[in-house]
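*Asks:* Just passing along the structure, written as structure tokens.
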């Protein structure tokens with residue numbers, strides 16, 4: 001039974017990769033026409049994201065993930081998704097160079113995307129988000145600050161609960177998934193309201209890792 005399941009899984013991965021490659025081929029044809037260049041870029045970015053997600057199933061847990069590269073990719077995915085909802089999110093990254101964390105790059109990216117989309121949904125008319133990343137002892141601290149209305153104090157303890165949302169149109173799973181990913185990769189996450197301005201702040205502590213070539 002296990003051999004059959006493994007064969008089915010690898011067949012599914014193969015078929016999905018063929019789908020993504022077909023999308024990439026079509027996007028390559030579109031990008032030669034200036035009218036469709038932005039659409040081609042969007043298709044390419046999301047098809048490659050799909051390929052990374054597939055690759056993430058085989059990714060080792062102890063791999064070293066470049067924080068700057070992971071954040072750069074997450075910002076592109078999140079801003080694309082929010083733009084489709086007519087929300088323009090301006091993201092400023094202030095990251096210490098050379099940071100690496102342990103875990104799956106695909107999973108970490110998904111967690112950050114969920115946090116950025118949550119921030120964007122708190123500012124439906126658009127706004128600014130600041131991402132900070134720095135070394136903090138044996139951890140890397142990643143902080144995401146938005147300029148929205150903040151989180152009601154009575155909701156702070158429930159903010160990561162599955163199904164809980166202050167927005168009726170949302171599933172309430174995005175922050176729960178982000179918390180689950182952070183914990184699965186050996187980190188911790190907390191939510192609070194900013195003290196220096198209006199808005200919420202999410203703080204992640206992730207275990208440091210050595211770069212593969214160090």
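*Asks:* Which condition breaks for residue 160 when tested against (1) at pLDDT below 90; (2) part of a loop (DSSP other than H, G, I, E, B)?
*Replies:* Only one criterion is unmet by residue 160, namely (1).
*Asks:* Quick one: which of 177, 151, 189 is assigned by TED's automatic domain parsing to the domain that holds residue 123, in contact with a strand residue (DSSP E or B) (Cβ under 9 Å, 6 or more places away or on another chain) and closer than 19 Å to residue 106 by Cα?
*Replies:* On the way: 177 fails: in contact with a strand residue (DSSP E or B) (Cβ under 9 Å, 6 or more places away or on another chain); 151 fails: closer than 19 Å to residue 106 by Cα.
Only one candidate passes the filter, namely 189.
*Asks:* Please go through segment 136-155 and pick out each residue that is under 20 Å from the mean Cα position of the chain (by Cα) and either assigned to a strand (DSSP E or B) or over 29 Å from residue 69 (Cβ atoms) (or both). Don't jump to the end; show me each part of the working.
*Replies:* So in segment 136-155, the residues under 20 Å from the mean Cα position of the chain (by Cα) come out as 139-148.
Within segment 136-155, 139, 140, 141, 142, 143, 144, 145, 146 meet the criteria.
*Asks:* Follow-up question, since we're still on this one. Considering (1) closer than 22 Å to residue 196 by Cβ; (2) modelled with pLDDT under 95; (3) in contact with a strand residue (DSSP E or B) (Cβ under 7 Å, 6 or more places away or on another chain); (4) in a helix (DSSP H, G or I), say which one residue 118 fails and leave the rest.
*Replies:* Of the numbered conditions (1) closer than 22 Å to residue 196 by Cβ; (2) modelled with pLDDT under 95; (3) in contact with a strand residue (DSSP E or B) (Cβ under 7 Å, 6 or more places away or on another chain); (4) in a helix (DSSP H, G or I), the odd one out for residue 118 is (3).
*Asks:* Only one of (1) closer than 16 Å to residue 208 by Cβ; (2) out of contact with any helix residue (DSSP H, G or I) (no Cβ under 6 Å at 6 or more places or on another chain) is not met by residue 123, so which one is it?
*Replies:* (1)
*Asks:* I'd like to verify a number: residues in segment 78-93 that are part of a helix (DSSP H, G or I) and more than 27 Å from residue 136 (Cα to Cα), how many?
*Replies:* Filtering segment 78-93 down to residues part of a helix (DSSP H, G or I) leaves 78-83.
Adding the requirement that they be more than 27 Å from residue 136 (Cα to Cα) leaves 79-83.
Looking only at that region, the number is 5.
*Asks:* Still on this model: Inspect segment 33-56 for any residue being in a loop (DSSP other than H, G, I, E, B), loosely packed, with under 13 Cβ neighbours inside 10 Å, at pLDDT below 90 and over 14 Å from the mean Cα position of the chain (by Cα) and give the result as yes or no. If you could, list the steps in order and put the result at the bottom.
*Replies:* First, the residues of segment 33-56 that are in a loop (DSSP other than H, G, I, E, B): 33.
Restricting the remaining residues to those that are loosely packed, with under 13 Cβ neighbours inside 10 Å gives 33.
If we keep only those that are at pLDDT below 90 too, we end up with 33.
If we keep only those that are over 14 Å from the mean Cα position of the chain (by Cα) as well, we get 33.
Taking every residue of segment 33-56 in turn, at least one turns out to be in a loop (DSSP other than H, G, I, E, B), loosely packed, with under 13 Cβ neighbours inside 10 Å, at pLDDT below 90 and over 14 Å from the mean Cα position of the chain (by Cα).
*Asks:* If you don't mind, there's one more thing I want to ask. If you take the residues of segment 177-194 that are surrounded by fewer than 19 Cβ atoms within 10 Å (Cβ to Cβ) and modelled with pLDDT under 90, which of them is farthest from the chain's Cα centre (by Cα)? Write out each step before concluding.
*Replies:* Narrowing segment 177-194 to residues surrounded by fewer than 19 Cβ atoms within 10 Å (Cβ to Cβ): 177, 180, 183-184, 186, 188, 190, 192-194.
With modelled with pLDDT under 90 added as a condition, the list becomes 184, 186.
On the way: 184: 15, 186: 17 Å.
If we take residues in segment 177-194 being surrounded by fewer than 19 Cβ atoms within 10 Å (Cβ to Cβ) and modelled with pLDDT under 90, then 186 is farthest from the chain's Cα centre (by Cα).
*Asks:* Hey, does segment 102-119 have a residue that's more than 16 Å from the chain's Cα centre (by Cα) and either surrounded by fewer than 21 Cβ atoms within 10 Å (Cβ to Cβ) or assigned by TED's automatic domain parsing to the domain that holds residue 49 (or both)? Lay out the reasoning, then the answer.
*Replies:* Of segment 102-119, the ones more than 16 Å from the chain's Cα centre (by Cα) are none.
There is no residue in segment 102-119 that is more than 16 Å from the chain's Cα centre (by Cα) and either surrounded by fewer than 21 Cβ atoms within 10 Å (Cβ to Cβ) or assigned by TED's automatic domain parsing to the domain that holds residue 49 (or both).
The values are calculated or read from the model by the stated rules, or taken from the named source; none is laboratory data. What you see is a predicted model, and the numbers here were worked out from it, not measured in a lab. Virtual Cβ from ideal backbone geometry, glycine too; neighbours counted across all protein chains shown.
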